[in-house]
1. May I ask you to list the residues of segment 34-63 whose amide nitrogen lies under 19 Å from a point 7 Å from Cα along the Cα→beta-carbon direction of Asp76?
2. At q = 0.12, 0.20 Å⁻¹, what is the base-10 log of I(q)/I(0) for segment 4-153 according to the Debye formula with one equal point scatterer per Cα and no solvent? Please give it to two decimals.
3. For the chain, what is the calculated [θ] at 222 nm in deg cm²/dmol (nearest 500), taking -39500 (n - 2.57) for each run of four or more DSSP H residues and dividing by its residue count?
4. Let me check I've understood the local charge: for Tyr136, count other residues with C-beta under 15 angstrom from its C-beta, Lys and Arg +1, Asp and Glu -1. What total comes out?
5. Listed highest first by mean packing, meaning other Cβ atoms within 10 Å per residue, what order do 25-34, 144-153, 44-53 come in?
6. Excluding same-chain residues fewer than 8 positions from Lys30, which lysines have a Cα within less than 25 Å of its Cα?
7. Tell me the label-point distance for the pair Asn122, Gln24, using the 7 Å Cα-to-Cβ offset, in nm and rounded to one decimal.
Amino acid sequence: MQPKIVALTEKKVVGMQSKMLMHQYENIIKLWKSFMPKKHELKNTINQELIAIQDYPDFGNLETSYNIWACAEVSDFINIPDSMQPFTISEGLYAVFLHKGMDAGKTYQRIMTEWLPNSGYNIDDRPHFQVMGDKYKNGSPDSEEDFYIPVIMTT
């Protein structure tokens, strides 16, 4: 499990958000079912990729709710559909992991328990997100997506 470390520039996204607690996976499904039929309303997307964001106010605290997003990257925040909101993913270092299959929880656990403790990095206080491109196949064991974990070098 070896990620690419990338210096990401700011990303503008537009989509829908919801709050959830850990293990409330039905909220994720509900959010995407709301977003996908309206995605075509976005006229300024820069590609066909979908982005899932988790914005944690207190990362690691399982009792704290956090915001999740179903969105797409856009060139600007002009003409945002009424049912959607803008969000900016801040620039910074990200560890990017290729995830295959549908068990995202298992991959995420391996990142946090196996890779992170020996990596020389700490989790940064920025959103985590996944990019689902042309190799993403919802519900398929052949599906691929990239996990972006915000990191900073340990001191």
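Taken together, the values in this text are just the output of simple stated rules run on the coordinates, not laboratory data. What you are looking at is a predicted structure, and each value in this text was computed from that prediction instead of being measured. Note: ideal-geometry Cβ built from the backbone for every residue, glycine included; neighbour counts use all protein chains shown.
1. What the label zone holds, given the 19 Å backbone N cut-off, is 41-47.
2. Computed log10 I(q)/I(0) values: -0.50, -1.48.
3. Rounded to the nearest 500, the figure is -3500 deg cm²/dmol.
4. So the surrounding residues net to -4.
5. Packing proxy ranking, top to bottom: 144-153, 44-53, 25-34.
6. Once the sequence-local lysines are set aside, what remains near Lys30 is Lys11, Lys12, Lys19, Lys38, Lys39, Lys43, Lys100, Lys106, Lys135, Lys137.
7. My value for the distance between the label points is 2.9 nm.
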